[in-house]
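> Sharing a structure here in structure tokens format.
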Amino acid sequence: MFAREVMTTPVFFISPDETIAYARNLMVKRKISRLLVMNDGNLTGILTKKDIAYRLRQGEPVWRRRPIDQIPAGAFATDRIITVAPDTGTKAIAKIFVEKDISCVPVVNEGNVIGIVTKSDLMTSRLLKHMRGTVRDVMEDVLVVSRYHSLDHVIDLMNERNDKLLVTNNDGTLAGIITETNLAFFEPGIGKPGSEGKDVKFLRKQEPAGLKAYRYVVKVSTIAEDVMSSPVITTGADVPLPDAVAEMEKHHINSLAVVADGSILGIIKRDDMIKEVAK
């Protein structure tokens, strides 16, 4: 298959002077994860939800904590742009994603952007739907945090590993998952009453009473449980890879937690599959 067969159209553009708030709202409205940045008719950058997610850390310098309606999109966008032609094969695109550590390539024909190929687009290609092997063959270890870890700690871990993470309850059971989407589109205080100004300990007791050692001792504004998605879609280690791809497509997600008998074994991600077919 070729880029022209799997690419997404139309492509949405913004100027570098548009605000992050505008860009984020456009992503939500159009159900997309990236925007191309155009300046005077030239493609100058790409803004992804990951760019937004990792730059909104509460402990960052003051300029990064300005209201998002005051931050220009150009400040967060990357200028590292790799384009492909309409006839570029999907396997070649998969290799570009892996080798260059990027998540999309604009498709350019005679100087004009006619589409964009993302990792999600590759998931619909025959390249991935005909993979051999099982989840166990490509799954990875996964970062795990308590549901009461601070948002800053979560962002630091995800940024360090460039990865998503799973959230557990006090008893070690699976509580949720946090992805770049959760961080980029999170609105503090919206949807979860009392999500600001909690007094929490590293592992906060869910019951109102308990040993003094478990009482609230640290104030944080936002914690992992405020940001996570739940429930988590899971799979088994022996599930065939095409079935895992189908499950991701069904739920419009790009990862599955791998579990067995209530224990977390790891995670399988869209990236793992793309790396496999790029070999």
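Bear in mind that the values in this text are calculations on the coordinates, not laboratory data. All of these numbers come straight from a predicted model, not from anything done at the bench. When we count neighbours, we look across all protein chains shown, and the Cβ atoms used for this are built from the backbone with ideal geometry, even at glycine.
> Give or take rounding to whole Å, what are the principal axis extents of the alpha carbon atoms in the stretch 1-155, in descending order?
Largest to smallest, the principal-axis extents are 46, 46, 27 Å.
> Let me ask something additional. Grab the Cα-Cα distance for Leu143 and Asp69, subtract it from 0.36 nm times how many residues apart they are, and report the gain in nm with one decimal.
Full extension of this stretch gives 23.5 nm more.
> Let me ask something else. Would any residue of the stretch 154-182 have its amide N under 14 Å from a label point 7 Å out along Cα→Cβ of Lys275? List them or say none.
From the stretch 154-182, the list is 161-164.
> Could you give the length gained by full extension between Asn112 and Asn39, i.e. 0.36 nm per residue of separation minus their alpha carbon distance, to one decimal place?
Taking Asn112 through Asn39 to full extension adds about 24.9 nm, to one decimal.
> Could you state, as a whole-number percent, how many of the C-alpha pairs of the stretch 69-108 are farther apart than 14 Å?
Summing the P(r) tail past 14 Å for the stretch 69-108 gives 52 percent.
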